[in-house]
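The values are calculated or read from the model by the stated rules, or taken from the named source; none is laboratory data. This one's a predicted model, so the numbers in the text were calculated from it and none came from an experiment. Using ideal geometry, Cβ is built from the backbone for each residue, glycine included, and neighbour counts are taken over all protein chains shown. What goes into the accessible areas is simple: the full protein's heavy atoms, side chains included, and nothing from ligands, DNA or RNA. Shrake-Rupley method; radii C 1.70, N 1.55, O 1.52, S 1.80 Å.
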Amino acid sequence: MQPLTVEKRLDSIIDLSRQGKRINGLFRLLGCPLLWERAYGQVAPNKGALTPGIDPDNTLDGFSLERMERIMTAVLDGSYRFSPARRQYIPKPNGKKTPVGHSYCRRQAGAGGGEDFARTCL
C-alpha cells in the first residue's frame, strides 16, 4: 500500500468506528511498514522505553528496520509470540506494592502496533 493510502485509511478508521460501521482490511494494514514506524515513534520516546526487560540485550536502543521487518513478517505469518515480562514490585505511598512488568523491546514494538490499532478503532 502507498503511504498516502495508509494515512487515509488510518484517519478514516476513527470516523468509521465512531459511526459504528464495520471496518475491513485491518490485517492488511499490518503489512505496511509505515504503521510499524508510527508505532515505534509512539513507543520509543516514552520514559522507560529503553529499560532492559528480561534480556538486557533486547531493548529499543538500536532498533533497526531489519528487526522491524522480522517482527512484521512474524505477525503476518502467525508465528509471532509474546515473550514473558519481568515482574517487579514498586512501593506505593500507602506502604503497599504495585506490580510492574518490564518486557522485551520486541514485545513493546509489537504492542505499539496493536495499541495504535486499538486506540484508533475503539
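Only one of (1) part of a loop (DSSP other than H, G, I, E, B); (2) without any contact (Cβ under 8 Å) to a residue 40 or more places away in the chain; (3) in contact with a Pro (Cβ under 9 Å, 6 or more places away or on another chain) fails for Thr59. Which number is that?
Single failed check for Thr59: (2).
Tell me the residue from Leu16, Leu34, Leu4 that is among the aliphatic types (A, V, I, L, M) and in contact (Cβ under 8 Å) with a residue 24 or more places away in the chain, please.
Sole residue among the options that is among the aliphatic types (A, V, I, L, M) and in contact (Cβ under 8 Å) with a residue 24 or more places away in the chain: Leu34.
Need pairs with beta-carbon distance below 8 Å; first residue without any contact (Cβ under 8 Å) to a residue 24 or more places away in the chain and within segment 76-101, second open to solvent by 90 Å² or more (accessible area, probe 1.4 Å) and among the hydroxyl-bearing types (Ser, Thr, Tyr); sequence gap 6+ or separate chains.
Between residues of segment 76-101 that are without any contact (Cβ under 8 Å) to a residue 24 or more places away in the chain and residues that are open to solvent by 90 Å² or more (accessible area, probe 1.4 Å) and among the hydroxyl-bearing types (Ser, Thr, Tyr), the close pairs are Lys97/Tyr89; Thr98/Tyr89; Pro99/Tyr89; Val100/Tyr89.
How many residues does segment 8-24 hold that are charged (D, E, K, R) and either surrounded by 14 or more Cβ atoms within 10 Å (Cβ to Cβ) or outside any helix (DSSP H, G or I) (or both)?
Number satisfying all stated conditions: 3.
Does segment 32-54 include one or more residues that are farther than 27 Å from Pro84 by Cβ and assigned to a loop (DSSP other than H, G, I, E, B)?
Checked segment 32-54: at least one residue is farther than 27 Å from Pro84 by Cβ and assigned to a loop (DSSP other than H, G, I, E, B).
Any residue at all in segment 78-85 that is at pLDDT below 90, of a type in the set (A, V, I, L, M) and closer than 16 Å to Arg28 by Cα?
Checking segment 78-85: not a single residue is at pLDDT below 90, of a type in the set (A, V, I, L, M) and closer than 16 Å to Arg28 by Cα.
Run Phe27 past the list (1) farther than 16 Å from Ser64 by Cα; (2) open to solvent by 50 Å² or more (accessible area, probe 1.4 Å); (3) part of a loop (DSSP other than H, G, I, E, B) and report the number of the one that doesn't hold.
Here Phe27 meets the rest and fails (3).
From (1) modelled with pLDDT of 85 or more; (2) open to solvent by less than 50 Å² (accessible area, probe 1.4 Å), pick out the condition that doesn't hold for Phe63.
Going through (1) modelled with pLDDT of 85 or more; (2) open to solvent by less than 50 Å² (accessible area, probe 1.4 Å) one by one, Phe63 breaks only (1).
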